[in-house]
Structure formats: C-alpha cells, structure tokens
Amino acid sequence: QVQVVESGGGLVQAGGSLRLSCVASGSIHTIDAMGWYRQAPGKKRELVASITTGRSINYADSVKGRFTISRDNAKNAVMVFLQMNLLTPDDTAVYYCAAAQRRIASLVYDYWGQGTQVTVSS
C-alpha cells in the first residue's frame, strides 16, 4: 500500500505562483511514476504533469512552460512538487497527487491523495 498526502493549495491572483507538495509513503518501491491531476467543477479529471522513477517528465499542453514537476527521494518517502507559475483562472481546480504502478505497457494510478484546492482570481 502507498499513502499519498498533498498540500500547498490556496488562493492566488492571476499571474501569481503556487507550489504544491506531495509525500508518498508506504510501499514506495512499487511506485513507477508520480503524477499531478486536477479536476475543475463540471470537468473531467485531467493529468497535468507526471514524472517517472527514471525522471521522464510529461506535461499537459495547457501547462507547458508554466508548470514544473520535480521529485526528491527520501529514505522512506517520495516527495513530488508542482511549481505553478503564471496562473490563470482556468487553472482553478482541485489538484490531486497520485502514485502509479506499471501494468504491462501502461501506468495505472492506484493511489490518490485527498486533493488540495487551487483558486486563481482574475
């Protein structure tokens, strides 16, 4: 089992920045990737950014050039960060951190945090 806890959301004005943090603990040796998802009201949950254990990184087109994902490995935890710059009201959503395991050819995000609200005012 993997436990995931994220933090760092809040209210920010358009053009501002926020940094989200996530800590994954438990069976971290089973984790193949970490990702940040978001879900805005009335919209589907979308993958914002992901980083594999090999440090391969992917971003949604909507955040490229503005968001940066990074990770640090501690002895018994994996820490993942999402630096969000040049925020716009369209970035308003609940942001979730998740841990994935590789199943055949796909990464499956099985473990989720509780979510943290990011609100960008215009």
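The values are calculated or read from the model by the stated rules, or taken from the named source; none is laboratory data. Note that this is a predicted model, so its numbers are computed, not measured. No Cβ is skipped: glycine too gets one built from the backbone with ideal geometry, and neighbour counts run over all protein chains shown. Surface accessibility is based on the protein's heavy atoms, side chains included, excluding ligands, DNA and RNA. Shrake-Rupley method; radii C 1.70, N 1.55, O 1.52, S 1.80 Å.
Give the range 67-111 a look and list any residue that's under 24 Å from Arg55 (Cβ atoms) and open to solvent by less than 10 Å² (accessible area, probe 1.4 Å), or say none.
Phe67, Ile69, Val78, Val80, Leu82, Met84, Tyr95, Cys97, Ala98, Ala99, Ala100
Out of Tyr59, Tyr37, Tyr95, I need the residue that is at pLDDT 95 or above, of a type in the set (Phe, Trp, Tyr) and within 16 Å of Gly10 (Cβ to Cβ). Which one?
Within the list Tyr59, Tyr37, Tyr95, the selection yields Tyr95.
I need the full set of residues from the range 17-57 which are over 15 Å from the mean Cα position of the chain (by Cα), at negative phi and surrounded by 14 or more Cβ atoms within 10 Å (Cβ to Cβ), in order please.
Ser25, Ile28, Thr30
Quick check: is even one residue across the range 2-22 within 24 Å of Val108 (Cβ to Cβ) and touching a helix residue (DSSP H, G or I) at 6+ places or on another chain (Cβ under 9 Å)?
Within the range 2-22 (the criterion being within 24 Å of Val108 (Cβ to Cβ) and touching a helix residue (DSSP H, G or I) at 6+ places or on another chain (Cβ under 9 Å)), the answer is yes, since at least one residue qualifies.
Give me a count of the residues in the range 79-101 that are in contact (Cβ under 8 Å) with a residue 60 or more places away in the chain and part of a loop (DSSP other than H, G, I, E, B).
4
Quickly run through the range 10-31 and pick out the residues that are at pLDDT 95 or above and assigned to a loop (DSSP other than H, G, I, E, B).
Ala14, Gly15, Gly16, Ser17
In the range 1-16, which residues are within 15 Å of Thr116 (Cβ to Cβ), small (Gly, Ala, Ser) and open to solvent by less than 40 Å² (accessible area, probe 1.4 Å)?
Once the filter is applied, which keeps residues that are within 15 Å of Thr116 (Cβ to Cβ), small (Gly, Ala, Ser) and open to solvent by less than 40 Å² (accessible area, probe 1.4 Å), the range 1-16 yields Gly8, Gly9, Gly10.
Just one of (1) in a strand (DSSP E or B); (2) exposed (fewer than 15 other Cβ atoms within 10 Å of the Cβ) trips up Gln114, so point out which.
Tallying (1) in a strand (DSSP E or B); (2) exposed (fewer than 15 other Cβ atoms within 10 Å of the Cβ), Gln114 fails exactly one: (1).
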